[in-house]
Amino acid sequence: MSRSCCSALVLIVGLALAVPAGATEYYVSPSGNDTGGDGSQGRPWKTIQKAADTMSAGDTCHVLNGDYAEMVRPARSGNAGSFISFVAEGPSVSVVGTRPITAWTMHSGSIWQASAPWDFGELFVDRERMVIARWPNLTSGNIYRPNFNQATANGGKTSIIDAVNLTQPGGSWTGAKIFMVPGLGWTADQRDVTGYDVPSHRITFSPAISFSDYYDADEFSLYFMYDKLSLLDAASEWYLDRIAHTVYLWLPGGDSPEGHLVESAGGSGGFNLSDRSYIRVAGFSLMSGDIRMQNATHCRVEEVQHLYPAAELYVSGSDNVITRSEIAYASYTGVRLAGARNTLSKSHVHHCDYFGTYNSLVALGDSNTGSQNSIVDCLLHDTGRDGVVMLGALNASGSLIEHNEIYNTGLIAKDCGGFYAWGTNGGGTVIRYNVVHDIWPKDSPQYGPIGVGYGIYLDDASSDFSVHHNLVYRTAGFAIELHQPSRNVLVFNNTAIGSGGGWGDVISSNPGVLGSAVDGAVVANNLAVMLDDRKVWRWCIYFEVGVPAYHHNGYYNVYHGTSLNNQGVEASGVVGNPLFSSTAANDFTLLESSPMVDKGAVIPGITDGYLGVAPDIGAYERGGSERPGPRLTFTDDPLVARTTPVRRVHLTELRAAIGALRVRRGLSAALWSDPTPGARATTVKTVHLTELRAALNEVYAALGRTPPTYNDAMITAGVTVITAVQLSELRAAVVAVW
Ligand SMILES: [Ca+2]
Ligand SMILES: [Ca+2]
């Protein structure tokens, strides 16, 4: 493709659509009219709901550029082969669940106030989240990595004591709330302040810490105070007086609200597909609001960018698909797949659970429902506690978690996992070909930089899981942990790396609070490697009390050459340097001369299709094509100059892939201009391309490779025309190092 053939492209959101015969096409535009229009292209309706009330199976509603503050509720279902489709057509089609706040007056200093006669928990300026007034202030700039004070003495279950910081006059904390990560920090809690005793530097709260008897709000506890007007003392902070229904705000940069869009959560916007079948929602931006899919069947959500969701995307019913979508900046869980045979695929779920509780990026199941659900080819990262969870005694038979990349979990709480289950009957759930890395909770005041974070964490009494061909590295604790008792847990062909300076063994099975029985567990063909000098314990594989069957595992321990397996290395095991392609860049594929090649056991259903005379030990079969991690695919591939319109998804999926590559290779997280493109009418700009290139070039440098060359070596704002070739060559450069 030559430069001259490439057209200038504009960012639009739209999807090519095959239209069944006899189907009706409807159009909706903010300039339309529900009573005067007829839903035709020439006389569009104004609301999506008008179309939703009218449409029947096979019909399509094309939604044109603009904001729609509606909870769209289809009146009818489609049927097999005849979906009812809602398709965004335009550069910025947003369904908003926010409520604008206007009529601001000066309060004092840089603080403005306005009336808002409804309750809400989020405030946005120009569709970016503001910070609820707090102390200490959020200097990290990342609400998912808040600033904390640390207690100085044990305050039991109903108080925090801090002789260093709690020195304010009496009455200072009346009406405030406290957010704390108490004791061992397994979860965070939010409480109402009930008292403040100046002499003892003690804040009391209610209700008492209820999580368990394992910890108090001791001297290792972290906390911040929030939700009080006197704490509003910095740009981007806000406070809602819920009695007077007055909201206070210090805008970024000390700006006046004039010229800015100020909105709160608490409106009603999104799509309600509950109890509906064969509905398709494609290409929309959602700002706050929610997508409801309870008891839905055969519905599809495609290329939806849902930012700041007001509720978790809860899917029950069966056979629903969410694909090529982005769900981000949630306060709780991002997506929950309950019901049966529901799928989340090729999606990017990130920044969830700033409350640091038992939420996650993606949850499988809900109490006793949930079976045969799948999470496939997703990028899942940055959350307060766990990445993917299955909690409770689920009937979760046959769920599948494959080819995902999970990283940066435990930003607030610890004792978490990239994958986490507790007391869960997996019913044959398979966890395979995932890459799990950087499971590194916030430093622990008690233990230092070894907060409890495990890669794949089957906590107490988890049973009937198959865990194979996963790559796990840079975990603060165990890479793979099988807490006992455990039953029928099969761990095959994983590459588990102790790296980054954490603690604990690489693969471990040890007693939990419910006992130590190990029944039917097998650990085989795994490559357990310790590349750092672990602070506590130091075994490649460690089996305490209950010992699974084990064979054909590979061992290498750089610092503690004899700490291989506390039960003794099996006769079929291999000890030695596995000869990775690049440990520095976290590339754990095997070189040709690796002693792990062809040294594994044949395990039907697990090692099928192996190459050479036998399966290799670990997750990478030399010469094989199936590798851990998402199988990278791009929307509209190949891009055709002058034909394919540039869409938001082209930009966001490149960002997601390059962002993941950077974290994989140990580089800092990428920061992008216009982090939420499409939330407002963002067009692709030259800066978007130059920063993608810069971020990717550093990945090449980390791998010791020559950076890619680009057609327009210099992109100049206002001069260079954005073309298909620029996006195509970025894609190729990403694929080359994926
Ligand atoms: Ca403050
Ligand atoms: Ca082989």
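We did not get these values from a lab; they are worked out from the coordinates using the rules stated. Please read all numbers here as calculations on a predicted model, not as lab measurements. Glycine also receives a Cβ, built like all others from the backbone with ideal geometry; neighbour counts cover every protein chain displayed.
Annotations
- Viscosity 1.002 mPa s, temperature 20 °C, Stokes-Einstein D of the range 687-738 from Kirkwood C-alpha radius, µm²/s: 188
- Efficiency of FRET between SER230 and GLU258 - r from beta-carbon atoms, R0 35 angstrom, step 0.05: 0.85
- For VAL721 and LEU671, a Förster radius of 35 Å and the Cβ-Cβ distance give a FRET efficiency of 0.85, rounded to the nearest 0.05.
- The chain - share of DSSP beta bridges that are antiparallel (%, nearest 5): 25
- Sequence-separation-based contact order of the range 99-171, relative, with Cα cut under 8 Å and 6+ spacing, percent: 13
- When the convex hull of its Cα atoms is projected in every direction, mean area for the chain (nm²): 33.2
- Here the Karplus relation 6.51 cos²θ - 1.76 cosθ + 1.60, evaluated at θ = phi - 60°, turns the backbone of the range 252-261 into coupling constants of x, x, x, 5, 7, x, 4, x, 10, 8 Hz, with x for every Gly and Pro.
- Computed over the range 153-277, relative contact order equals 23 percent, with contacts defined as Cα pairs under 8 Å that lie 6+ residues apart.
- Ordering VAL164, VAL737, VAL558 from the fewest to the most neighbouring beta carbons within 10 Å gives VAL164, VAL558, VAL737.
- Averaging the Cα positions of each part gives two centres, and for the range 313-334 and the range 350-406 these lie 10 Å apart.
- Cross-link pairs beyond the 19 Å C-alpha cut-off, checked among LYS46/LYS685; LYS414/LYS442; LYS177/LYS414; LYS228/LYS442; LYS177/LYS228: LYS46/LYS685; LYS177/LYS414; LYS228/LYS442
- Within straight-line reach of LYS599, meaning a Cα separation under 19 Å, sit the following aspartates and glutamates at least 8 residues removed in sequence or on another chain: GLU570, ASP608, ASP616, GLU621, GLU626.
- For the chain, the Cβ-based charge dipole about the Cα centre amounts to some 960 debye (Lys, Arg positive; Asp, Glu negative; other atoms uncharged).
- In this structure, SER206 and ASP519 have a Cβ-Cβ separation that, at R0 = 25 Å, corresponds to a calculated FRET efficiency of about 0.05.
- Full-extension gain in nm, ALA736 to ARG487, via 0.36 nm per residue minus C-alpha separation: 85.5 nm
- In plain terms, the residue of PHE419, PHE465, PHE224 with the fewest other Cβ atoms within 10 Å comes first and the most crowded comes last, giving PHE224, PHE465, PHE419.
- In terms of surrounding Cβ atoms within a 10 Å radius of their Cβ, PHE634, PHE124 rank from fewest to most as PHE634, PHE124.
- Note on the chain: dipole from Cβ charges, positive end direction compared against ALA282, LEU591, GLN372; the farthest Cα belongs to ALA282.
- Full-stretch length increase - ALA584, ASN368 - with 0.36 nm per residue and alpha-carbon distance subtracted: 73.4 nm
- By the helix-only formula, in which each DSSP H run with n ≥ 4 contributes -39500 (n - 2.57) and the sum is divided by residues, the chain has a 222 nm mean residue ellipticity of -2500 deg cm²/dmol.
- Options GLY339, LEU730, MET180, ranked by Cα towards positive dipole end of the chain, top entry (Cβ charges): LEU730
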